[in-house]
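To keep things clear, I will list the structure first and then write my remarks on it.
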Amino acid sequence: MEKLLIHWDKKVVGTLFPHKRGRVQFQYSQKWLETQGLPISLSLPCQSEKHTPGISTAFFENLLPENNARSILAFNHRFDKKDTFAFLGHFGEDCAGALSILPDTQSPDFTPGQYEDITELLVEVLDRIKADPEKHQLFPEMKKARLSIAGAQDKLPVRIDKNRFYLPANSGSATTHIIKPASLYYPDIQKNEAFCMELALQAGIAVPCSQLLNIDGHEVFSIERYDRIQREKGLVIRIHQEDFCQALGIPANRKYQEKGGPGFIQCRQLTDEYLSLQGAEPRMNLIRVTLFNYLIGNHDAHGKNFSIIHGKDMIMAPFYDLLSTQVYPGLENKFAMSIGKTFRHDRIGERAFRLFAGDMKLRPRKFSDLMDTMIQTVSQCHEPLLSTHEEKYGASGIYQSLSVQIKKNIELLSRVRDAM
Ligand SMILES: Nc1ncnc2c1ncn2[C@@H]1O[C@H](COP(=O)(O)OP(=O)(O)O)[C@@H](O)[C@H]1O
Ligand SMILES: [Mg+2]
């Protein structure tokens, strides 16, 4: 494998060259620049010259799984964990957004609707994970999967059709959903995410459709991909997207603000600069989701959990990965991005929120209104929704923990609001 070709909707957008130590260098194709002229990232503007290895690697490495899944995949395929070039060559055919990445020696097959039914295999793998969760993970067990998805949690992009699960068999066939199994380390995390995503919807936050599925006794969280559009007869169109870290040229290992990742000021600047067609909405939505995250205790909203959809115009993507991390006592009580200057949940008071409102360029009065609405909606909705989920998906300690935590946070935020 000497070069990788990057395709965007059947057209070659550019070439990826290997650089030292598994890093990569991206160059747009001349034809793309002349005929389309769209950038694949705000951090990789259209230009004839090769982009630098640093900025190229930051963007492409952000498409890959992190942590354990990354280590297992590298081990299974006998390349180095940091070898971004090798990873993309093996797993780049179906990525987040519109890009499909293949070795230049391989001619892509863009026939749509070519999928392999993996339903039985999926059940076997979920059985294996249940029996020995330390040894097995969903994505690495799918030996034929030539796709990639970012993130720390175990997950698998799939196509779901009439309760059957499929993996793409060629470049023309994209996945349409992401599924996440239960976890040994975070009890009932799938229930937690399903509940929080639905609560977010009720709180007026734009989120993709998600639900819990039961696959032969295994409960998994399933979410529709907002970067895919399903047309007739299995034709799936890829929509381009990138996360905020990619847009800002920040590698995944620096996604947390304390490690050099984006904070709210940078996020706000990004939305002001590129999403201004939507007016103040992206900025307001960032504030709403942050208040929501405070209430549910989601400390993990880093720069890879906010995304931009690239189309004719650029728009803010719906929100995803909303779940309570605070209900798991082992996890840090710090937000991925500081509110004002404060990271620790228990130290965020009126002053921190005032600074935050300023960082987001919102008048205190208006901020107070947003806070009020969020407190009211979550107060009204969370208990009935917990009961609905408990009825639908069965009793679990997680519902009790969520109830206690959300009530506590509502009380804390109400005190802040009263003091503002
Ligand atoms: N509904 C979705 N549609 C499209 N892409 C998504 C969706 N949900 C997540 N992603 C992409 O997958 C990545 C990992 O998903 P996420 O839910 O954040 O998992 P993790 O908990 O491992 O961080 C995200 O960073 C985003 O790029
Ligand atoms: Mg995430």
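The values are calculated or read from the model by the stated rules, or taken from the named source; none is laboratory data. Not measured: the values here are computed from a predicted model. Note that each Cβ is placed from the backbone with ideal geometry, even for glycine, and that neighbours are counted across all protein chains shown.
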Count of the range 128-139 residues which are part of a helix (DSSP H, G or I) and free of Cβ contacts under 8 Å to residues at least 60 places away in the same chain: 4
Among (1) over 24 Å from the mean Cα position of the chain (by Cα); (2) crowded, with 19+ Cβ neighbours inside 10 Å - the single one Lys341 does not satisfy: (2)
Qualifying positions in the range 198-255 - acidic (Asp, Glu) and away from ligand 1 (no atom under 12 Å from the Cβ): Glu198, Asp216, Glu219, Glu232
Failed criterion for Arg254 (all others in (1) buried (at least 16 other Cβ atoms within 10 Å of the Cβ); (2) more than 30 Å from Lys81 (Cα to Cα); (3) of a type in the set (D, E, K, R) hold): (2)
Yes/no for Lys334 being within 24 Å of the chain's Cα centre (by Cα), away from ligand 1 (no atom under 16 Å from the Cβ) and among the basic types (Lys, Arg): yes
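Anything in the range 51-91 that is within 17 Å of Pro140 (Cα to Cα), among the small types (Gly, Ala, Ser) and in contact (Cβ under 8 Å) with a residue 24 or more places away in the chain? List them, or say none.
Ala69, Ala86, Gly89, listed by residue number.
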Counted residues, the range 211-251 - those being surrounded by fewer than 19 Cβ atoms within 10 Å (Cβ to Cβ) and among the aromatic types (Phe, Trp, Tyr): 1
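Rundown of residues vs (1) more than 16 Å from ligand 1 (Cβ to nearest atom); (2) buried (at least 21 other Cβ atoms within 10 Å of the Cβ), yes/no style:
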| residue | (1), (2) |
| --- | --- |
| Glu141 | yes, no |
| Ala145 | no, yes |
| Ala152 | no, no |
| Arg159 | no, yes |
| Leu167 | yes, yes |
| Ser173 | yes, yes |
| Ser183 | no, no |
Every residue from the range 304-324 that is within 21 Å of Thr342 (Cα to Cα) and near ligand 2 (Cβ under 10 Å from one of its atoms): Lys304, Asn305, Phe306, Leu322, Leu323
Any hit, the range 64-72, residues being more than 21 Å from Ile250 (Cβ to Cβ), assigned to a helix (DSSP H, G or I) and of a type in the set (S, T, N, Q): yes
Cβ-Cβ under 8 Å pairs, at least 6 apart or on other chains, the range 296-322 side more than 19 Å from Leu99 (Cβ to Cβ) and touching a residue at least 40 places away in the same chain (Cβ under 8 Å), far side among the acidic types (Asp, Glu) and more than 9 Å from ligand 1 (Cβ to nearest atom): His299/Glu332; Met316/Glu281
Given (1) buried (at least 21 other Cβ atoms within 10 Å of the Cβ); (2) in contact (Cβ under 8 Å) with a residue 24 or more places away in the chain; (3) of a type outside the set (Lys, Arg), number of the condition Val125 does not satisfy: (2)
Set Asp94, Asp109: member being within 16 Å of ligand 1 (Cβ to nearest atom) and touching a residue at least 60 places away in the same chain (Cβ under 8 Å): Asp94
Whichever residue in the range 292-315 is within 13 Å of ligand 1 (Cβ to nearest atom) and of a type in the set (A, V, I, L, M, F, W, C) and, among such residues, is surrounded by the fewest Cβ atoms within 10 Å (Cβ to Cβ): Ile309
Residue list for the range 283-296, restricted to those being away from ligand 2 (no atom under 16 Å from the Cβ) and over 17 Å from the mean Cα position of the chain (by Cα): Arg283, Met284, Ile287, Arg288, Leu291, Tyr294, Leu295
Odd one out for Val289, checked against (1) away from ligand 1 (no atom under 15 Å from the Cβ); (2) out of contact with any helix residue (DSSP H, G or I) (no Cβ under 7 Å at 6 or more places or on another chain): (1)
Single residue of Ser71, Ser107, Ser56, Ser48 found to be crowded, with 19+ Cβ neighbours inside 10 Å and among the small types (Gly, Ala, Ser): Ser56
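Which of the residues belonging to the range 80-99 are crowded, with 17+ Cβ neighbours inside 10 Å, closer than 17 Å to Val24 by Cα and not acidic (Asp, Glu)? Reasoning before the result, please.
Just the residues of the range 80-99 that are crowded, with 17+ Cβ neighbours inside 10 Å, to begin with: 83-99.
Keeping just the survivors that are closer than 17 Å to Val24 by Cα gives 83-93, 95, 99.
Hits for the range 80-99 are Thr84, Phe85, Ala86, Phe87, Leu88, Gly89, His90, Phe91, Gly92, Cys95, Leu99.
Taking Phe356, is it at pLDDT 95 or above, within 21 Å of Ala194 (Cβ to Cβ) and either more than 16 Å from ligand 2 (Cβ to nearest atom) or out of contact with any Phe, Trp or Tyr (no Cβ under 6 Å at 6 or more places or on another chain) (or both)?
Numbers: at pLDDT 95 or above: yes; within 21 Å of Ala194 (Cβ to Cβ): no; either more than 16 Å from ligand 2 (Cβ to nearest atom) or out of contact with any Phe, Trp or Tyr (no Cβ under 6 Å at 6 or more places or on another chain) (or both): yes.
No; evaluated as a whole, the condition is false for this residue.
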